[in-house]
Amino acid sequence: MRVDLHNHTTLCNHATGSMEEYILKAIELGIDTFGFSCHAPMDFEPEYRMSLSQTKKYEKDVLFLKEKYKDDINILLAYEVDYMSDDQYIEKDILNADVDYLIGSVHFIDKWGFDNPEFVGRYEEKDIDEIWEEYFQAVSQMVKTGYFNIVGHLDLIKIFKYLPTKSIAEIAYQAMQDIKESGMVLEINQAGFRKPIKEQYPSKELLKLAFDLNIPITFGSDAHSIEQVGYGYSEAVNIAKEVGYTKCVVFENKKQRLYNF
Ligand SMILES: [Zn+2]
Ligand SMILES: [Zn+2]
């Protein structure tokens, strides 16, 4: 079973290619289960996400393709939802939407979009260990809301290779425990291969910790273009297998099911 649960659409204003082209590419690659999880609406930096008025069309379009290609591929409907240190930015309509799963992602520390190349200068302005600690505290808070099914790109804070002086395993320890307790699934996000850090999220070190804690995994290419669909999958699978994983999760109506990958 080949799974890819993290993919975007042009509705977020920073992706290219039609949804149908993503599906055709996924079928060509032999992906069995493909999830659209575009950036959910939020009243902060709205230019990077769909608006609330676009959600119905997004959901309708995904379900249309799901039906159209049902003999070739299993298409799932989802959102990637931003978590910002408090609940005020989360659209309750999204939390209650009739979708297969929600990816919870931290892209901001105190409104600093730390994965945006535009704001990369901020890494130099503050103690790097503190930045990492604040990031993983935000991940913990996101996990503890209980709103989400998948932890998006667990160690995204490494994106530009500003690494802490302290042990990452130690910094991430509490977040890992919280993930374990929440029953959430960790995605192996392949976008990291395309970024300065040049490795998947999470690192092999954190993936080993996840395996020891019995935290289930899934896969996502985080594609923002047709060429990125499935990119880095075989590398991600190899790393998962080296760590000891043999099964990955697929969600349907927020219920987990495990498959051999
Ligand atoms: Zn995006
Ligand atoms: Zn993301």
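Please report the equivalent ellipsoid semi-axes of the chain, computed as sqrt(5 x eigenvalue) of the Cα gyration tensor, largest first, in whole Å. Provide the component values of the computation, followed by the final result.
Working: eigenvalues 139, 91, 60 Å².
Over the Cα atoms of the chain, the semi-axes work out to 26, 21, 17 Å.
List, in the order given, every pair from LYS126/LYS158; LYS25/LYS56; LYS111/LYS198; LYS180/LYS208 whose Cα-Cα distance in the structure shown is over 19 Å. All intermediate terms of the calculation are to be shown ahead of the outcome.
Values: LYS126/LYS158 15 Å; LYS25/LYS56 24 Å; LYS111/LYS198 25 Å; LYS180/LYS208 13 Å.
Distance filter (> 19 Å) returns LYS25/LYS56; LYS111/LYS198.
If you roll a 1.4 Å probe over the heavy atoms of the protein chains, what accessible area per residue do you get for the chain, in Å²? Walk me through the numbers before you get to the answer.
On the way: 11410 Å² over 261 residues.
Result: 44 Å² per residue.
For the ranges 141-153, 233-245, 206-218, what's the packing order if you count other beta-carbon atoms within 10 Å of each residue, average per peptide, and put the highest first? Intermediate values should be presented prior to the final figure.
Numbers: 141-153: 21.5, 233-245: 15.9, 206-218: 18.8.
Result, highest mean Cβ count within 10 Å first: 141-153, 206-218, 233-245.
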For segment 251-258, Karplus couplings with θ = phi - 60° (6.51, -1.76, 1.60), whole Hz, Gly/Pro x: 9, 9, 6, 6, 9, 8, 9, 9
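Expressed as a fraction of 2.2 N^0.38 Å, the rule-of-thumb size for a compact globular protein of N residues, what is the C-alpha radius of gyration of segment 85-196? Intermediate results must be reported in sequence, preceding the final value.
Details: Rg = 14.2 Å, N = 112, 2.2 N^0.38 = 13.2 Å.
Rounded to two decimals, the normalised Rg is 1.07.
Tell me what the chain gives for mean residue ellipticity at 222 nm when only DSSP H runs of n ≥ 4 count, each as -39,500 (n - 2.57), the sum divided by the residue total, rounded to 500 deg cm²/dmol. Present the calculation step by step, with values, prior to reporting the outcome.
On the way: 7 runs with 81 residues, N = 261.
That calculation yields -9500 deg cm²/dmol at 222 nm.
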Sort out for me the Cα centre separation of segment 1-54 from segment 81-150, rounded to whole Å. 19
Give the carbon-plus-sulfur fraction of the accessible surface of segment 2-82 in %, rounded to a whole number; probe 1.4 Å, heavy atoms of protein chains only. 54
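The values are calculated or read from the model by the stated rules, or taken from the named source; none is laboratory data. None of the values given here were measured: they were computed from a predicted structure. We place every Cβ from the backbone using ideal geometry, glycine too, and count neighbours over all the protein chains shown. Accessible surface areas use protein heavy atoms only, side chains included; no ligands, DNA or RNA. Shrake-Rupley method; radii C 1.70, N 1.55, O 1.52, S 1.80 Å.
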